[in-house]
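A quick write-up on the structure given underneath.
None of the figures in this text is laboratory data; all of them are computed from the coordinates on show. Please read all numbers here as calculations on a predicted model, not as lab measurements. Every residue, glycine as well, gets a Cβ built from its backbone with ideal geometry; the counts of neighbours run over all protein chains shown.
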Amino acid sequence: MFSLCNVTVYCGRGDRKTAKGKRFNHSFGNARPRNKNKGRGPPRVPVAPSTSPPKKDKYEDNEKIKIDIDESLFDG
């Protein structure tokens with residue numbers, strides 16, 4: 001059964017819950033905070049790259065397998 005009520009779904013500029021909708025409506029909120037530094041937590045300390053050698057791939061063993069192809073299958 002179909003619903004006959006007219007339900008409007010806003011997306012983009014008409015949606016007041018998105019940052020684009022907040023910019024269009026000239027409002028602020030969780031999606032578009034007034035103070036950009038507020039609510040970001042303590043500043044992160046950059047992590048130096050590790051000096052250990054890269055991990056070896058457990059599937060890499062440089063093993064080569066010889067495959068024989070029967071050329072008679074490709075003759076027309």
With a cut-off of at most 11 other beta carbons within 10 Å, and DSSP calling the residue loop, which chymotrypsin sites (Phe, Trp or Tyr not before Pro) in the range 18-67 qualify? Please list them. Y59
Nonlocal amide H pairs with A31, under 5 Å, H built at 1.01 Å: none
Candidate lysines - alpha carbon under 16 Å from K22, same-chain residues fewer than 8 apart omitted: K36
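What's the extension gain from D15 to Y59 if we count 0.36 nm per residue and subtract their Cα-Cα distance?
Values: separation 44, 0.36 × 44 = 15.84 nm, distance 5.00 nm.
Net length gain for the segment: 10.8 nm.
Suppose the chain between D68 and T51 were pulled fully straight at 0.36 nm per residue; how much longer would it get relative to their current alpha carbon spacing? Please report the intermediate quantities before stating the final value.
Working: separation 17, 0.36 × 17 = 6.12 nm, distance 4.40 nm.
Contour length minus the Cα-Cα distance gives 1.7 nm.
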